[in-house]
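These notes concern the structure reproduced below.
The values are calculated or read from the model by the stated rules, or taken from the named source; none is laboratory data. As the structure is a computational prediction, the values presented were derived from the model and not from experiment. Note: ideal-geometry Cβ built from the backbone for every residue, glycine included; neighbour counts use all protein chains shown.
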Amino acid sequence: MTDKLIIFDTTLRDGEQSPGASMTKDEKLRIARQLERLKVDVIEAGFAASSNGDFDCIQAIANTIKDSTVCSLARANDRDIARAAEALKGANSARIHTFIATSPLHMEKKLRMTPDEVLEQARQSVRFARNLCGDIEFSPEDGYRSEVDFLCRVLETVIAEGATTINIPDTVGYAVPELYGEFIRTLRERVPNSDKAIWSVHCHNDLGMAVANSLAGVKIGGARQVECTINGLGERAGNCSLEEIVMAVRTRRDYFNLEVGVDATQIVPASRMVSQTTGFVVQPNKAVVGANAFAHASGIHQDGVLKARDTYEIMRAEDVGWSANKIVLGKLSGRNAFKQRLQELGIEMASEADVNTAFAKFKELADRKSDIFDEDILALCSDESVTHENEHFGLVSLSQHSETGERPHARVFFTMGGKEVEGEADGNGPVDASLKAIEIHAQSGAELVLYSVNAITSGSTESQGEVTVRLQHGGRVVNGVGADPDIVVASAKAYLSALNKLHSNTQRVAAQG
């Protein structure tokens, strides 16, 4: 007999808490659709009470997604819970995920509440939520560092009030596998009504053990839900990686004896989409989704794989969505073929005008680059000028001169608040000169904390370059991503993208479960 392991994806909530990883509504919708194609069981779409923007995103996802449960996080108070319920009204299947800290450190230093006050607030919050939604998840924040006796009292109480899922977070990544698994098992054995709820694990990767801890919680502790993110995206060192959990359970079914409903062939497309949307590049040696995950450099390995694939491969690359780059469109392709490919990639434009804008940019790219891949189309449609016509900053044109022995010079035309401006500057290189030319007028005062370049497709010098720029200003950290066959142009696009996000007044309230 096998059990079902529930995959709870929190890329759009906990993953988005990575500094600079915040996403627009359109970007979140696109990723949510891909998560639905991936067949994750639960999509945690955001934290409805944190901002009007997050509320709108959750509402849009709830109204769009049909096959996965859509979830909103909420602190253990009536306002947050009511806001979550309102955002989820249109969902086919909805869940409210409420939390309150239970560790002595968090209760004393952060909440400034006594254990009895925390217990009562947990009780009242789950009772209130249960009257608004039939599917309630409760998390004791910093649960792993909580005192067992008190935690058992809290969990017994919230289950009695109607919590259907109990999640035990290792909020700060402090756990080690065997001890965490035993901790979950102890709680399940000591809470009298533990059988009335599904038990879940949520592990952070501060010590690099999030996946191992989660699997121990499943195998030793008996948890039947894992909370995870695409590419392990998340604040600090990240979260438990969805792709590693899914493939570990599938590959070692003999050990875990569990079924997962995920369509593993959609893992790599999901990974690429999240990476290109957030600008967080996947390291080449990342398990399952890294570029080298199925590469064999050693002669002995290559010989073995050629003779019998399973000598060195425990998974098939195609099973997780890897395939040879496929040219899907070219400069002779028509608008209908382009539009069809957008649909296949899960990209939905807000209007026909947006489709026309994207198609025009596709044609422009096809004139400069002979082979167009899915990754190119994803990057093109992530371009601010395609998806956000009314952004404050936008690139018009750029020219630069760079010669050995001479100081590089750049001239940039861009729009700022609807008006076209021109900036000129020298720099240590063409990229430096271009960004300085923009900053002459933008005057953001932001600190550049990250600049990285990544080839969107491999194997050709004509590949588009994808540039990520991370800016910090006034306590805010934002990412900008730009793509173009010309790295200097891509850099200017990325910088303007980041400036647009800094210019936005959307504020977020950090939450962690």
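Just a few scattered comments:
- Selected residue [hydroxyl-bearing (S, T, Y) and more than 30 Å from L29 (Cβ to Cβ)] from T98, T69, T114, T164: T114
- Test: residue in the range 254-261 that is in a helix (DSSP H, G or I), assigned by TED's automatic domain parsing to the domain that holds Q34, charged (D, E, K, R) and modelled with pLDDT of 90 or more: yes
- Test: residue in the range 51-67 that is in contact with a strand residue (DSSP E or B) (Cβ under 9 Å, 6 or more places away or on another chain) and either basic (K, R) or closer than 23 Å to W199 by Cβ (or both): no
- Matching entry among A82, A76 (being closer than 19 Å to H202 by Cβ, of a type outside the set (V, I, T) and over 23 Å from the mean Cα position of the chain (by Cα)): A76
Residue-wise test of (1) under 19 Å from C381 (Cα atoms); (2) hydroxyl-bearing (S, T, Y).
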{"site": "S18", "(1), (2)": "no, yes"}
{"site": "S22", "(1), (2)": "yes, yes"}
{"site": "K28", "(1), (2)": "yes, no"}
{"site": "D41", "(1), (2)": "no, no"}
{"site": "A45", "(1), (2)": "no, no"}
{"site": "S50", "(1), (2)": "no, yes"}
{"site": "D56", "(1), (2)": "no, no"}
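- Hey, A210 surrounded by fewer than 21 Cβ atoms within 10 Å (Cβ to Cβ), of a type in the set (G, A, S), touching an Asp or Glu at 6+ places or on another chain (Cβ under 9 Å) and farther than 16 Å from K4 by Cβ or not: no
- In the condition set (1) of a type in the set (S, T, N, Q); (2) under 21 Å from R130 (Cβ atoms); (3) surrounded by fewer than 24 Cβ atoms within 10 Å (Cβ to Cβ), S200 is compliant with all but (3).
- Residues that are basic (K, R), in the same structural domain as E406 (by TED's automatic domain parsing) and in a strand (DSSP E or B) do occur in the range 458-471.
- Candidate set from the range 365-413 (those that are surrounded by 18 or more Cβ atoms within 10 Å (Cβ to Cβ), in a loop (DSSP other than H, G, I, E, B) and in contact with a Pro (Cβ under 6 Å, 6 or more places away or on another chain)); member that is modelled with the highest pLDDT: P408
- One residue stands out among those in the range 94-119 that are hydrophobic (A, V, I, L, M, F, W, C) and over 27 Å from the mean Cα position of the chain (by Cα): the one that is surrounded by the fewest Cβ atoms within 10 Å (Cβ to Cβ), which is L105.
- Among the residues listed as A87, A91, the single one being of a type outside the set (S, T, Y), buried (at least 24 other Cβ atoms within 10 Å of the Cβ) and farther than 19 Å from E227 by Cβ: A87
- The range 316-331 residues that are more than 23 Å from L342 (Cβ to Cβ), paired with ones that are modelled with pLDDT of 85 or more (beta carbon under 6 Å, 6 or more apart): D319/A264; V320/A264; V320/I267; V320/V268; V320/V288
- In the range 316-339, the qualifying residues are those that are modelled with pLDDT of 80 or more and not in a helix (DSSP H, G or I), and the one that is surrounded by the fewest Cβ atoms within 10 Å (Cβ to Cβ) is G334.
- From the options Q283, Q266, Q302, Q225, residue that is at pLDDT 85 or above and not assigned by TED's automatic domain parsing to the domain that holds A210: Q283
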